[in-house]
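What follows is a short report on a single structure.
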Amino acid sequence: MMMQGSPEWLQARLGKVTASRLSDVTAKTKSGWGASRARYMGELIAETMTGVSATAFVNSAMQHGIDTEPQAAAAYSFYTDHELDEVGFVNHPKIKHAGCSPDRLIGKDGLVEFKCPQTHTHIDTLLGESVPKKYMEQMYWQMACTKRKWCDFVSFDPRMPPETQLSIQRIERDKERIKELEEMVVDFLAEMNEKIDRLTKLEKAA
């Protein structure tokens with residue numbers, strides 16, 4: 001199995017729409033598509049044409065999440081008694097150039113998505129704040145790619161007292177929303193490929 005973050009994993013997801021960036025694909029403003037959609041498309045076009053993975057910026061909060069995820073997984077597994085399976089990159093079963101990298105698989109039907117946020121965000125989650133739209137779309141896309149029925153959204157903060165370190169919300173598969181997301185991804189990729197074709201012709205003409 002390829003490890004997430006390995007050269008093989010980076011190669012497998014090169015130029016592909018991934019779950020963690022679904023919110024960029026769907027980003028909209030009152031006047032049309034959001035700027036992050038164009039930026040993400042540009043990244044994927046460059047990856048496709050050069051074969052070089054875009055360098056991801058990692059700030060201190062993101063690094064905290066990366067460093068704390070194994071602890072979150074251990075706490076979740078202990079609390080739920082679930083056995084967790086690691087996975088590399090999973091391609092979408094029908095849409096080329098799209099896939100996901102779930103945090104863990106659970107049995108035949110489940111997934112888990114770990115977030116290790118800043119403490120104030122974790123507190124909001126504990127007090128009933130709804131799961132942000134971008135994470136909902138991320139989890140729906142993971143379910144679309146893996147054909148799974150549910151995903152547990154886990155917020156974990158080891159800086160809190162033990163009884164408030166872990167929050168778990170189960171998100172069930174939403175067939176209609178997944179269909180909408182798939183249609184948006186297909187349109188996004190069609191636009192991206194059309195631009196790649198035009199750029200390729202410019203290259204050849206130069």
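The values are calculated or read from the model by the stated rules, or taken from the named source; none is laboratory data. Nothing here was measured: the structure is a model prediction, and the numbers come from that model. We place every Cβ from the backbone using ideal geometry, glycine too, and count neighbours over all the protein chains shown. These area figures cover heavy atoms from the full protein model, side chains too; ligands, DNA and RNA do not enter into them. Shrake-Rupley method; radii C 1.70, N 1.55, O 1.52, S 1.80 Å.
Observations
- Residue match in segment 36-45 (condition: at pLDDT 95 or above, small (Gly, Ala, Ser) and within 13 Å of the chain's Cα centre (by Cα)): no
- Single condition Gly15 does not satisfy, out of (1) open to solvent by 40 Å² or more (accessible area, probe 1.4 Å); (2) of a type outside the set (Ser, Thr, Tyr); (3) within 18 Å of the chain's Cα centre (by Cα); (4) on the phi > 0 side of the Ramachandran plot: (1)
- When residues of segment 110-154 are limited to those that are closer than 14 Å to Thr164 by Cα and among the hydrophobic types (A, V, I, L, M, F, W, C), the one most open to solvent (accessible area, probe 1.4 Å): Leu127
- Single residue of segment 179-206 satisfying the filter (acidic (Asp, Glu), farther than 16 Å from Gly42 by Cα and under 21 Å from the mean Cα position of the chain (by Cα)) that is surrounded by the most Cβ atoms within 10 Å (Cβ to Cβ): Glu182
- Qualifying positions in segment 43-65 - more than 30 Å from Arg198 (Cα to Cα), of a type in the set (Gly, Ala, Ser) and surrounded by 11 or more Cβ atoms within 10 Å (Cβ to Cβ): Ala61, Gly65
- Residue in segment 160-173 that is under 15 Å from the mean Cα position of the chain (by Cα) and open to solvent by 50 Å² or more (accessible area, probe 1.4 Å) present: no
- Within segment 98-122, being over 17 Å from Arg148 (Cβ atoms) and touching a Ser or Thr at 6+ places or on another chain (Cβ under 8 Å) holds for Lys115, Cys116, Pro117, Thr121, His122.
- Taken as a whole, the structure places Ile66 among residues that are among the β-branched types (Val, Ile, Thr) and within 17 Å of the chain's Cα centre (by Cα).
- Of all residues in segment 19-42 being free of Cβ contacts under 8 Å to residues at least 40 places away in the same chain and closer than 10 Å to Met192 by Cβ, the one that is surrounded by the fewest Cβ atoms within 10 Å (Cβ to Cβ): Gly42
- One residue from Val131, Val112, Val87 being farther than 26 Å from Gly15 by Cβ, assigned to a loop (DSSP other than H, G, I, E, B), touching a residue at least 24 places away in the same chain (Cβ under 8 Å) and of a type in the set (A, V, I, L, M): Val131
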